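Below is one structure, written out as C-alpha cells, with a few remarks after it.
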Amino acid sequence: MPKVVIPPPYRGSTEGNTQVEVDGVNVAQCLEAVDQRYPGFFPLVVDDDGSVQRFVKLFVNGEQLDAGEELHTAISAEDEVEILAAIAGG
Amino acid sequence: MSGPSGDKLIYVDMNDQSVDIRDFPEQWKLLGGRGLSAKILLAECDPSCDPLGPDNVLVMAGGVLGGTAAPTSGRISIGGKSPLTGGIKEASSGGQPGQHLMKLGYRGIVVKGQPADAEKRYALEVTGDGVKVVAADDHKGKWNYALCEDLHGQYPATASFITCGPAGEARLTGASVATTDQDNRYPARHAGRGGLGAVMGSKGLKYVAVDPGKASVRQASDREAFGALCKSYTKGYLAGGQMFKTGTASIVPVANMLHTFPYKNRVEGQSPDAANLDGARIVESFESRGGMMHNCMTGCIVKCSNVVNDAKGEYKTSALEFETLTLLGATCAVASWEDVADMDRLCDEMGLDTIETGAAIAVLMDAGQMEWGDADAMRKLIAEIPEGTDRGNAVGNGAVATGKFTGHHRVPEAKGQAIPAWDPRPLKATGVSYCTSPMGADHTAGLIVNPGLAPDQFAWESQKVQIINTVCDSSGFCQFLQPNLDDIRAFYGALYGEEVSREAIHDQGWQVLEDEWEFNRQAGFTPADDKLADCMGQDAVGAEGAKVVFDVPAETIQAVFKRMPAQEELFTGRASG
C-alpha cells in the first residue's frame, strides 16, 4: 500500500502518527484516504478550490511534483507520498 | 587547523572611547555568533550588573562562516545582558555588517563602559585602515531611516551600518539593534529581541559603520573543496521545496489553521482577519506596486525577504514578516496587512522589536486603554514612544511593563519577554523551549511545530532543537536555510581543513547552552523562573471540543537541563526558527 508521510505541523490531525498507509491510485485519493481516517486532514493540504495549498509542497519518492499536476500524479503500491509544509518564524 | 588566520577582536571602552585590537584566540576558531557572545559574556560581564549601566558588555559577532562563500551565512549576533529579561541575550540579524566585519578579519566587537556624559553620542568606524570611535552628536535622536540616509552620504557606498534608533537612545527595553540591507541603505534588518538596542543606547553608541572596501571573501583551507561544498549545497537547496520563496508572511493560513495565529492578546488562537493578513496579499501587491522578494544579504539563496511598497509604488518597508503580522496585526485585532506595514516601518524607524511592541499594545488594548484594531491609534502611539510619554514608555519597555502600567493581569510572557506568534498551547514542546531557553520566550531558540508530539518527547525535542539552533546561530547561517548539524560541521571541516566530529559539534552546542544557563544562574535565575505566564495555563485555545492550555509539568521542563544522549536526528534535524 502507498504511504503518506505526515509532516510535523500536521501530526496533530493524525494523532501523532508520522505516516499512514492508504489505498489510492493517485495523490488526491491517497490524501482523501488519510482524511477518511483522520477528518480535517485534507484541508491542511488542499484548499477550497481544489489546489494544493501554497505553503505545501508534495513529493513522491523524494521527487518534487510539478505545480498544478500534483494531485493527479499516479501512485503505485510501493510509493511514498511526502508532504512538506512551510514553518518559520521571522 | 589551517584556513582563515590572523583574526582579531575589537574591544571598545566607552568610558574613554578607546579601542584595543586583540588577537582572536586560536582555540576559539569554531566559536562565532551566539556561541562567541556567550563565551565572552560569561567571562567578562558581571551577570548581576545593571544591564543599562557601565558594567554590561555589548557583543556584536559574525558567525564562523561569515564572509566566506558559504550561502546565506552572513548573519550577525548581538549579545549582552538583556534589560528586558535580566538574563543573557543573543539576537540575530541579517543584512551586510556581519559579512563585512568578517571579511575584514574581525570576529567581533566587544563594547564596554559608558560615557560620563549620557547626552553624548558616538560612532564606531571599522575599515581596512583601522578602527576608531568618533563623535556622532549630529546624529542624536535621528530615526533609523533618516540616519542611514545621512550615513549613506557620509561614508563610501561599500559601508554598511549597525544602528541604534531613538528607542534605544531612550533606553527603552523593547529596543532593537538595526542593520542595513543588501544595498547598505535601509535599516530594515533587526536584532529585535531582548532590548539590546537599549544596551547600545546606554553606551552612547549611535551607530557602527563597517566599510570592507575591497576586502575579499574569506578563503578556506582547501578552496577547491570548500567551493565544491558551497556549490553542491546550493544546488541541493534550490532543488528542494524552497519553502520561504514567498516570505515567512505566506504561512499565515497554516498558522491560523493550527490555532497559532493568536488574536486579541491571545484569548483566541485564530484571527478572523487571517485572509487580509496573509502574505499572499503582499505578493499580489507586487504587480501593481512594484515590490519584490529579495535577499537581505549578499550570497543568500533563501530570498525570503519581501520589499513592500505603498500604493504610489514608493518603498515602505522590508521585510514584513509572519511574526510582525501576528503581533502587530492579529494579536491587536488589526485587519489589514497595509496597516501592519505602516507600523513595521515605524518600529524600524524607532528601533523597536515588532514582537514586543505588538504584544505590549495588545496588553494595552486588553486592558481597555485602546480600541481593538485601531491602527491609527497604534501608529500615533508608536510614533510617540521616543517622546517619553508615560504610555509610550510603558509600551516601549514591553509587554510586562505595559501590564504593570495598566494593572492588567493577562501578559503572555516568559522570563519577562513577550511570547512570539508560535503559541505554546497547541505547540507545547515549543512552550518547553520558551520555559527553558536562556533567552526567554523566543521562537528562534527552539521552535517545534508538531502538535501531535507525544508528551514524553517534549524535553528531548526541545533540547535537540535548542542545540541545533544554537549551533546554527553560531555559524552565521540563517535558520531559514535550515541547515542541520552534519551540514554545518561539513562546512567547518572544509573551512579549516580538519574534520569536525558529530561529538564535537554536539559538545559545542551544549556548551553554549551551558554557558548561557550559567550566566542566568549567576544573574539570579532559579528553576522557579522556568515557566510561562499563568494566563497560558488558564486561557484555552483550539478547535471546539479540543481546546488546550499549556500544562506541561515542571519535571518535563527541568529535564531539558540534563544532557541527553545524541540520537541520529540531532545531526540530521534542521534548524527551526
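Throughout, read-outs are computed from the coordinates displayed, never taken from laboratory work. Quantities reported herein were computed from a predicted structural model and do not represent experimental measurements. In this analysis, Cβ positions are derived from the backbone assuming ideal geometry, glycine residues included, and neighbour counts consider all displayed protein chains.
Given segment B:8-211, what percent of its DSSP beta bridges are antiparallel, to the nearest 5? Walk me through the intermediate numbers first.
Values: 35 of 47 bridges.
In segment B:8-211, DSSP labels about 75 percent of beta bridges as antiparallel.
Just to confirm a number: summing +1 for Lys and Arg and -1 for Asp and Glu over residues other than B:ALA91 whose beta-carbon lies under 12 angstrom from that of B:ALA91, what do you get? Display every interim value, and only then the final one.
Values: positive: B:ARG34, B:ARG75, B:LYS89, B:ARG189, B:ARG193; negative: B:GLU90, B:ASP353, B:GLU356, B:ASP442, B:ASP473.
Residues near B:ALA91 contribute 0 overall.
In whole angstrom, note down how far apart the Cα centers of segment B:75-133 and segment B:314-373 are.
One Cα centre to the other: 27 Å.
I'd like to compare B:418-428, B:71-81: which one has the highest average count of other Cβ atoms within 10 Å, and what's the full order after that? It would help to have the intermediate numbers written out before the result.
Values: B:418-428: 27.8, B:71-81: 29.7.
Highest mean packing first, the order is B:71-81, B:418-428.
What length, rounded to one decimal in nm, is gained on full extension from B:ASP55 through to B:HIS294, with 0.36 nm per residue of separation minus their alpha-carbon distance?
Values: separation 239, 0.36 × 239 = 86.04 nm, distance 3.94 nm.
Value of the extension gain: 82.1 nm.
On a full-extension model of 0.36 nm per residue, what is the gain between B:TRP372 and B:GLN242, subtracting their alpha-carbon distance, rounded to one decimal in nm? The partial results should precede the final answer.
On the way: separation 130, 0.36 × 130 = 46.80 nm, distance 3.60 nm.
Full extension from B:TRP372 to B:GLN242 adds 43.2 nm.
Working from the alpha-carbon coordinates of the protein assembly as shown, get Rg over Rh, Rh being the Kirkwood radius.
Working: Rg = 23.5 Å, Rh = 24.7 Å.
With Rh from the inverse mean 1/r over Cα pairs, Rg/Rh is 0.95.
Any idea how far apart B:PHE561 and B:LYS264 come out in nm if each label point goes 7 Å out from Cα toward Cβ?
3.8
Shielding of B:241-248 by partners, i.e. mean partner chain Cβ atoms within 10 Å per residue?
Mean partner-chain Cβ count within 10 Å for B:241-248: 5.
Report, in deg cm²/dmol and to the nearest 500, the calculated mean residue ellipticity at 222 nm for chain B, where each DSSP H run with n ≥ 4 adds -39500 (n - 2.57) and the sum is divided by the residue count. All intermediate terms of the calculation are to be shown ahead of the outcome.
Numbers: 21 runs with 207 residues, N = 577.
Value at 222 nm, helices only: -10500 deg cm²/dmol.
Before anything else, pin down the relative contact order of chain A: Cα pairs under 8 Å, at least 6 apart, normalised by residue count, whole percent. Before the final figure, lay out the partial values.
Working: 149 pairs, mean separation 33.3, N = 90.
It rounds to 37 percent for chain A.
Mind checking B:448-455 for the average number of partner chain beta-carbons within 10 Å of each residue's beta-carbon?
Values: counts 3, 11, 10, 8, 12, 4, 2, 0.
Taking the mean over all residues of the peptide, I get 6.
Rounded to the nearest 500 deg cm²/dmol, what is the calculated helix-only ellipticity per residue at 222 nm for chain A, with -39500 (n - 2.57) per DSSP H run of length n ≥ 4? Walk me through the numbers before you get to the answer.
Values: 2 runs with 15 residues, N = 90.
Mean residue ellipticity, 222 nm, calculated: -4500 deg cm²/dmol.
Counting pairs of Cα atoms in chain B, how many percent are more than 37 Å apart?
On the way: 39640 of 166176 pairs.
Of the Cα pairs, 24 percent sit more than 37 Å apart.
Calculate, in nm to one decimal, what B:LYS404 and B:ARG521 gain on full extension: separation in residues at 0.36 nm each, minus their alpha carbon distance. Provide the component values of the computation, followed by the final result.
Values: separation 117, 0.36 × 117 = 42.12 nm, distance 2.53 nm.
Computed gain between B:LYS404 and B:ARG521 is 39.6 nm.
Taking Cα pairs under 8 Å and at least six residues apart, what relative contact order does chain B come out at, in percent?
Working: 1476 pairs, mean separation 92.7, N = 577.
That works out to 16 percent.
Quick check on the exposure proxy: order B:GLU461, B:GLU387 from fewest to most C-beta atoms within 10 angstrom.
B:GLU387, B:GLU461
At a Förster distance of 56 Å, what's the computed FRET efficiency of A:PHE42 paired with B:GLU384, Cβ-Cβ distance as r, to 0.05?
Values: r = 48 Å, r/R0 = 0.86.
Efficiency, rounded to the nearest 0.05: 0.70.
Net charge within 14 Å of B:GLN466 by Cβ-Cβ distance, Lys/Arg positive one each and Asp/Glu negative one each, not counting B:GLN466 itself? Present the calculation step by step, with values, prior to reporting the outcome.
Working: positive: B:ARG34, B:LYS464, B:LYS562, B:ARG563, B:ARG574; negative: B:GLU90, B:ASP442, B:GLU461, B:ASP473, B:GLU514, B:ASP515, B:GLU516, B:ASP530, B:GLU569.
Net charge around B:GLN466: -4.
Quantify how strongly other chains surround peptide B:568-577 by giving the mean number of their Cβ atoms within 10 Å of each of its Cβ atoms.
Working: counts 0, 0, 0, 0, 0, 0, 0, 0, 4, 4.
For this peptide, the per-residue mean of nearby foreign Cβ atoms is 1.
Order of B:HIS152, B:HIS100, A:HIS72, B:HIS506 from fewest to most other C-beta atoms within 10 Å? Show your work: numbers first, answer last.
Numbers: B:HIS152 17, B:HIS100 32, A:HIS72 11, B:HIS506 20.
By the 10 Å Cβ count, ascending, the order reads A:HIS72, B:HIS152, B:HIS506, B:HIS100.
So, by mean Cβ neighbours within 10 angstrom, what's the order for B:510-516, B:35-41, B:159-165 with the highest one leading?
Numbers: B:510-516: 21.1, B:35-41: 26.3, B:159-165: 28.9.
Going from most to least packed, we get B:159-165, B:35-41, B:510-516.
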